[in-house]
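What follows is a single structure, written as structure tokens, with notes after it.
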Amino acid sequence: MLKPLSLMTLSLSLTLLANLSSTALANDPDCPQFYEDSSGQRTCLENGRPVQPVSPPNYVESVDYLDQLKHCQPVATAIGFGRIVIEARVRGWEDDRCVVQMNAFNVERPQRRAVYALCRYRRSTLDLMTDERAYEQARTGETTFSSDDPRDMALSDGTLQDCQFSNTWLEELVD
């Protein structure tokens, strides 16, 4: 029997590989909260300095994301779930693990982010995440999961072993 966390983890992982939106906003990460006056000028609440908006990240579509993930090359993609966006950023290799950080943010307050998960994928998990089935699902947007499928279970188990998930990410986004 698949654990509820496994289903949620796999569902999110598979969804991130589906057809993804390429538009989301990001703001200066050094200033998590700012005041914006009527002219649009932003002032950091923490230190009073002006905040310059950062250009939106160059998010890529799902197949391009898989191409980069396969070799653990830095890349980012994102998908929205209503007002919540989950951003997946491949950071690169750390020893023999591919580091991927997933951040969550509310589209109404993109400057406030919470780490959803930090993953250090083994090659075996990375291979499953970028196999031919993953590419087919990314191309079609049709994701499937079966607890009777050994490949799906290996992917679910690998993700649970390789990732640390935050239990407080949603609370961190809400005041």
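Here are a few things to note about the model shown:
- On full extension, the segment bounded by Ile84 and Gln161 gains 25.2 nm, given 0.36 nm per residue less the C-alpha separation.
- Remark on the stretch 51-161: Rg and Dmax equal 14.8, 51 Å (Cα only).
- Per residue, the stretch 59-154 exposes an accessible area of 48 Å² to a 1.4 Å probe, with every protein chain left in place.
- Extension gain from Asp148 to Leu118, taking 0.36 nm per residue of separation minus the Cα-Cα distance: 8.1 nm
- For Arg109 and Glu61, a Förster radius of 41 Å and the Cβ-Cβ distance give a FRET efficiency of 0.95, rounded to the nearest 0.05.
- To put it simply, the accessible area of the stretch 105-175 at a 1.4 Å probe is 48 percent carbon and sulfur.
- Under the criterion of Cα pairs below 8 Å and six or more residues apart, the relative contact order for the stretch 67-175 equals 22 percent.
The values are calculated or read from the model by the stated rules, or taken from the named source; none is laboratory data. What you see is a predicted model; the values in this text were computed from it and never measured. Counting neighbours? That spans all protein chains shown, and the Cβs are built from the backbone with ideal geometry, glycine included. Note: areas computed on protein heavy atoms with side chains; ligands, DNA, RNA excluded. Shrake-Rupley method; radii C 1.70, N 1.55, O 1.52, S 1.80 Å.
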